Amino acid sequence: MKTVRVNASRSYEVKIGSGLLETVGSETAKLTAGQALVVSDENVAPLYLPKVVGSLRQAGLTASSASVPAGEPAKSPEYYVNLLNILAAKRLTRSDAVIALGGGVVGDLAGFAAATYLRGIPVVQIPTTLLAMVDSSVGGKTAIDLPAGKNLVGAFHQPSLVLCDPDALSTLPEDVLRDGCAEVIKTAVLFDRDLFDHLRDRSTGFDREAVIARCVEHKRDVVCRDEFDTGERQLLNLGHTVGHAVEKCSGYAVSHGKAVAVGTAIMARAFSKDADEILSVLRAFGLPTETAFSPEELASAALSDKKRSGDTLTLVVPERIGRASLKKITVGDLLDVIRAGY
Ligand code: GLY
């Protein structure tokens, strides 16, 4: 098992290891002696909820659960308010805890409910997808969506503990696992030549525990330097400006991970001296590097992105594998960048 300590506005551990799902009760009991509400979704609940609730009860905690439909629509104001009502009905207090058991959607929704109920109660993140293990469960971003766009309402609320059990990845559909691989490759392209070489050499047979831990360490380093996303943390958005545009143009039929892969490929072709290597690893993981949407369509969709500020937007530029920088461009330049990397 590996442990990564995050010293942000809250200090907490991210534990990564096989069998950690069995220890949720004893680990949570170190944080609270009261109640735990486990939030899950209809795909994850049948697989892991009985084990997690059983472990909490065995540790002497009062445990109950709430489930939401699987997928992005659960990050809605309606499900959020439902969750708040459940927390209130069960009379959870600031000495109790929300447990987010699932992928990025459950983590964001349950995390935001925990961030705002009683002005903030503890949340334990138990990510069950690769994407959530290497990215969304760590660093405290929580959010729900509005009809106007994704993640438009949210809060920074660091978890009190994160437990990543790579065994949970064995039940993940191949396609969802691939989505997580796009975020792992993104992390390597941004920060870590050795990690990139490991992914190139081992492809999908990479050492899961070691790779998750390495990605969490990189995320920890960035979050500790820029918790509130005013500078360096924006590096984590590599491939996301164009990626969000691909998602949007496809009516969200293209998954986040695959859209980020396309976005990373376009930014690599536009800027990186190592573009060929990056494209070849993305392809080796079965990820797309091209899109049928035109540069004009992508630029127009990207320009309605909430991360744009006024007439400029910040792009993440992959220079070499392991080295990237932020570049402010005017909105008018975006089309040229996309054309250059198309
Ligand atoms: N997922 C990007 C971030 O946490 O900043």
Distance (nanometres) between label positions extended 7 Å along Cα→Cβ at residue 78 and residue 328: 4.2
Among 70, 89, 245, which one moves the most in a GNM of the chain with springs linking Cα atoms closer than 10 Å? 89
Which FRET efficiency value, to the nearest 0.05, is calculated for residue 13 and residue 319 with the Förster distance at 41 angstrom and r the Cβ-Cβ distance? 0.80
Difference of contour (0.36 nm per residue) and Cα-Cα distance, residue 197 to residue 304: 34.9 nm
Which lysines, on any chain, are close to residue 150 with Cα under 21 Å apart, when same-chain ones fewer than 8 places away are left out? 75, 141, 186, 248, 258, 306, 307
Inter-label distance, nm, simple model (7 Å from Cα along the C-beta direction), residue 88/residue 146: 2.2
What stretch of the chain, leaving out the sites themselves, is the longest with no GluC sites (Glu not before Pro) in a DSSP loop having at most 13 other Cβ atoms within 10 Å? 43-289
If the chain between residue 58 and residue 276 were fully extended at 0.36 nm per residue, the gain over the current Cα-Cα distance would be 73.2 nm
To the nearest Å, what is the center-to-center distance of segment 188-208 and segment 1-68, using C-alpha atoms only? 29
Using a Förster distance of 22 Å, how high is the FRET efficiency between residue 47 and residue 174, based on the Cβ-Cβ distance and rounded to 0.05? 0.85
Cut-off under 20 Å on the C-alpha distance; same-chain residues fewer than 8 positions from residue 2 excluded. Which lysines are left, in chain and number order? 15, 30, 219
What is the ratio of the Cα radius of gyration of the chain to 2.2 N^0.38 Å, where N is its residue count, to two decimals? 0.96
Where is the GNM fluctuation largest for the chain (alpha-carbon springs, 10 angstrom cutoff): 327, 186, 219? 327
Solvent-accessible area per residue for segment 177-335 (1.4 angstrom probe, square angstrom): 39
For the chain, which whole percent of the accessible surface, found with a 1.4 angstrom probe, sits on carbon and sulfur atoms? 50
Everything considered on the Cα gyration tensor (a ≥ b ≥ c; rounded for a/c under 1.5, else prolate if a/b is larger than b/c, else oblate), segment 152-263 must be described as rounded
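The values are calculated or read from the model by the stated rules, or taken from the named source; none is laboratory data. Computed from a predicted model, the values in this text were never measured in an experiment. Positions of Cβ are backbone-derived with ideal geometry, glycine not excepted, and every protein chain shown enters the neighbour counts. Quick note on the areas: whole protein, heavy atoms, side chains included, nothing else; ligands and nucleic acids left out. Shrake-Rupley method; radii C 1.70, N 1.55, O 1.52, S 1.80 Å.
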